[in-house]
Structures are given as C-alpha cells and as structure tokens.
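Structure record follows, encoded as structure tokens.
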Amino acid sequence: MEEGKYTKELDVAVRVVHLACSLCQRVQKKLVVSTNGAHVKSKDDDSPVTVADWSVQATVSLVLSETFKGENVSIVAEEDVQTLSKSDSEGLLAAVVNTVNECLAEAPKYGLQSPNRPLATSQILEAICRCNSSGGPSGRHWVLDPVDGTLGFVRGDQYAVALALIEDGKVVIGVLGCPNYPMKKELLSYPHKHNQVTSKLSVSNAETWDKGCVLYARRGSGEAWMQPLVHGEENLQWPNSASQIQVSPIVDPVLATVCEPVERANSNHSFTAGLAHTMGLRNQPMRVHSMVKYAAIARGDAEIFMKFARCGYKEKIWDHAAAVVIVEEAGGVVTDAGGRPLDFSRGVYLEGLDRGIIACSGAILHEKIIEAVYASWDSSNL
C-alpha cells in the first residue's frame, strides 16, 4: 500500500477484518451442522444475533484499542451486552469468551499482536461495551457491523464483516470482508427460485471453490482493492495477491443486473420491480443477504443496488459506511433516491435520507435510475 494519510489505519483495518472473517467461518460451520440453536439469540426486534456478532465486535474493539491506545478510540457498533448479561445466557457468554480467545491466539498470523494470556469474561464484556459511541460530525469514529446479514449467516449463506473510519463526518476508509463470496464471478451460483448468491459450503476443494475476499478502499485514492482470504496454515503476507477492482462499464439498463435484499421486509421488491420494468431491465434480480450487494457493484458483478425500506425504518450507518467508499473509489455512485450523497455525520442513523438508497456502476446509469424513481414514485405504494 502506498504511503499516505490513513495508511496505518487501513492496514490495521484490513488485517483485523481478515481475522474476523476467520472467526466467522469457524462459527458458521458450527451453526450449519448444529440443530440446537445454542449459538443464536433473538434481539428485541426479533432479528437474530449470534456468537459471531459479539465475538467479532469484542475482537475488533480489542485490536483497535490496543493498536491506537494513545488515542481516545471511538467505535460505533451494532451489538450490546444486554442479551449476554441475562441469567439464561451463561452458555452463550462462555462460547463468546472462548471464541474471542481462540481468535486472538491466531492474531499473529495476520500481523496483529496477541494477548500474553487468555482474556477474562469481564475484559471481553468491557470490549463489547466500549463500542457505544454515537458518532457525529466531528472527530474520528470507527464504524463496525460485526456480522452484516446475520440471517444469511445462520442459513449458511452470504454475510459480511464491515469496518469503516469516519473523520469529521466523512467516511475515509472502508473494509468489507465477504467470507462466502467467491473471488471469481464465474463461480457465482444463481438458484432458480430467488437468484440468490449461495456459499456452497459443502464444496471443500479450494481449487474448485475459491471462496472469500476482503475489499477495501481509501477516500480520494481513486482505487479499490480485493484480497483473497487466508486459508489453512497460511499467514497474511501483504498485499496478499491484492487485485484492483472496478465497477462494470455497462450503461444500458437492458444489460444491467440489479441487486436486492433477500427479505421482503428489508426492501419493497414490488417497487424495485416496477422501476426495473420502467427502465427496460431484462435480467433477473440478484437477491443476496448483506453488504455483499455493494461488493457485487464494486467488483462489476452487478450494476445496480436499490433499497426502498418500509415506512418508518431508519437506516443505520454501519449497514452502509464501509461499502459506500469502496463502491465510490471503484468508480461507482451511491446516493439516496433524490440523488444526494449519504450523510454519515449525524449519528447512528442516516438522517435526512430521501426515500431510499441507490448504488450503481456509474453516473449515466445513476441518472436514469433517479429519473425513473421520480416518474414512478407517485403511483407506488410506499
């Protein structure tokens, strides 16, 4: 990586996301073969949370605090310890503590420092609790989604680990780990029912299924990069076969592929289908869990991502921050449905969002989508 502003921050962020991806892969394998649901809980909004969510948050918190211990490290993240602190969660908490210590023990493999001895339960709970910043327009704030797309994660499908750095309200670096997303577009699988990207966890031959990648970018560099995950006994050797990624050159909507959330509760599929029809899109939508949708745009595997959430839903910054800067540095455009840039300076939520979010592979295609939104909005049922 060339020397410049945020070089150290990006280096550490990429390494810790690699480490977090390794943690998630181990936990997901256990979840896929388990039938007792011991590693999964439901939050107050009925969304699932797993051992991996808390373990990744603790691990990233510990690494960032240790690396930048001379600074007042501010971390905005999704999880808290409320569920873990309940009397019936002793087994869950023990699993988190064990998972974090196993993960930190292999930190040197990724060029990170490992603790001298296993951490106590109180230290791990404290690390999770430290991620309680609310961000804002000034200062530095790390933004973490430990497991984005938890529903996909527990199903053995797509998910992402997302880490961004915001400085004075602007996202300056973004790292997106996609442990089940193949390095090569040719290995994408589209089941006929929903055209979802699948992880093919049953395939063990690494040459057949080159699975898992980490994408990253630094604001203003005009470059976005992708590294393969580290497998087996390998160590992370920088730059780990990094390759530059760019958005698709397609500008004709007829040839474009749209990414959508899998769950209907997360986006209005009927409205996006109407938009696709208005614009003349012919390809079936690619429905996939998590910020992997943004990865597909940044890599040129798809051209459009549209999300129009249900009325009253407020988008959180950790669901978008890391991925937005990657798409933009790869040559793409990300705005709200009114064509305005997303505002990450107003706390935990993307306040002032106009109707929805649109990410696409370039300005020409973006302009056509915005025009279609305005033409279709009044007749929609949103």
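The values are calculated or read from the model by the stated rules, or taken from the named source; none is laboratory data. Just so we're clear, the structure is a prediction, and the values are computed from it rather than from any experiment. For neighbour counting, all protein chains shown are included, and Cβ atoms are generated from backbone atoms with ideal geometry for every residue, glycine included. Just the protein is used for accessible areas: all its heavy atoms, side chains included, with ligands, DNA and RNA removed. Shrake-Rupley method; radii C 1.70, N 1.55, O 1.52, S 1.80 Å.
Suppose we keep only residues that are polar (S, T, N, Q) and at pLDDT 90 or above within region 206-236. Which one would you say is surrounded by the most Cβ atoms within 10 Å (Cβ to Cβ)? Working first, answer last.
Filtering region 206-236 down to residues polar (S, T, N, Q) leaves 208, 221, 227, 235.
Then drop every residue that is not at pLDDT 90 or above, which leaves 221, 227, 235.
Values: Ser221: 17, Gln227: 22, Asn235: 11.
The selected residue is Gln227.
Residues to consider are Ser42, Ser85; find the one that is modelled with pLDDT under 90, under 21 Å from the mean Cα position of the chain (by Cα), over 27 Å from Pro239 (Cβ atoms) and not hydrophobic (A, V, I, L, M, F, W, C).
Values: Ser85 fails: under 21 Å from the mean Cα position of the chain (by Cα).
Of Ser42, Ser85, the one residue that is modelled with pLDDT under 90, under 21 Å from the mean Cα position of the chain (by Cα), over 27 Å from Pro239 (Cβ atoms) and not hydrophobic (A, V, I, L, M, F, W, C) is Ser42.
Any residue in region 61-87 that's more than 17 Å from Val40 (Cβ to Cβ): show its pairings with residues that are among the charged types (D, E, K, R) and open to solvent by 20 Å² or more (accessible area, probe 1.4 Å) at Cβ separation under 6 Å, as long as the two are six or more apart or on different chains.
Ser61/Arg130
In the list Ala323, Ala372, which residue meets the criterion of being in contact (Cβ under 8 Å) with a residue 12 or more places away in the chain, among the small types (Gly, Ala, Ser), within 23 Å of Asn132 (Cα to Cα) and open to solvent by less than 20 Å² (accessible area, probe 1.4 Å)? Working first, answer last.
Numbers: Ala372 fails: within 23 Å of Asn132 (Cα to Cα).
Of Ala323, Ala372, the one residue that is in contact (Cβ under 8 Å) with a residue 12 or more places away in the chain, among the small types (Gly, Ala, Ser), within 23 Å of Asn132 (Cα to Cα) and open to solvent by less than 20 Å² (accessible area, probe 1.4 Å) is Ala323.
So, in region 297-320, of the ones that are without any contact (Cβ under 8 Å) to a residue 60 or more places away in the chain and among the small types (Gly, Ala, Ser), which residue ends up least open to solvent (accessible area, probe 1.4 Å)?
Ala302
If you take the residues of region 349-360 that are in contact with a strand residue (DSSP E or B) (Cβ under 6 Å, 6 or more places away or on another chain) and part of a loop (DSSP other than H, G, I, E, B), which of them is least open to solvent (accessible area, probe 1.4 Å)?
Among residues in region 349-360 that are in contact with a strand residue (DSSP E or B) (Cβ under 6 Å, 6 or more places away or on another chain) and part of a loop (DSSP other than H, G, I, E, B), the one least open to solvent (accessible area, probe 1.4 Å) is Gly356.
Of the residues Asp53, Asp88, which is out of contact with any helix residue (DSSP H, G or I) (no Cβ under 6 Å at 6 or more places or on another chain) and open to solvent by less than 30 Å² (accessible area, probe 1.4 Å)? It would help to see each step written out before you state the result.
Numbers: Asp88 fails: open to solvent by less than 30 Å² (accessible area, probe 1.4 Å).
Residue meeting the stated conditions: Asp53.
Just to be sure I understand, how many residues within region 279-320 are among the charged types (D, E, K, R), modelled with pLDDT of 90 or more and touching a Pro at 6+ places or on another chain (Cβ under 9 Å)? Full working, then the answer.
Pass one, region 279-320, residues among the charged types (D, E, K, R): 282, 287, 293, 299, 301, 303, 307, 310, 314-316, 319.
Narrowing further to those that are modelled with pLDDT of 90 or more: 293, 299, 301, 303, 314-316, 319.
Filter once more, keeping what is touching a Pro at 6+ places or on another chain (Cβ under 9 Å): 293, 303.
Qualifying residue count for the region: 2.
With respect to the numbered conditions (1) modelled with pLDDT under 90; (2) open to solvent by 10 Å² or more (accessible area, probe 1.4 Å), which one is the sole condition not fulfilled by Pro341?
It is condition (1) that Pro341 fails.
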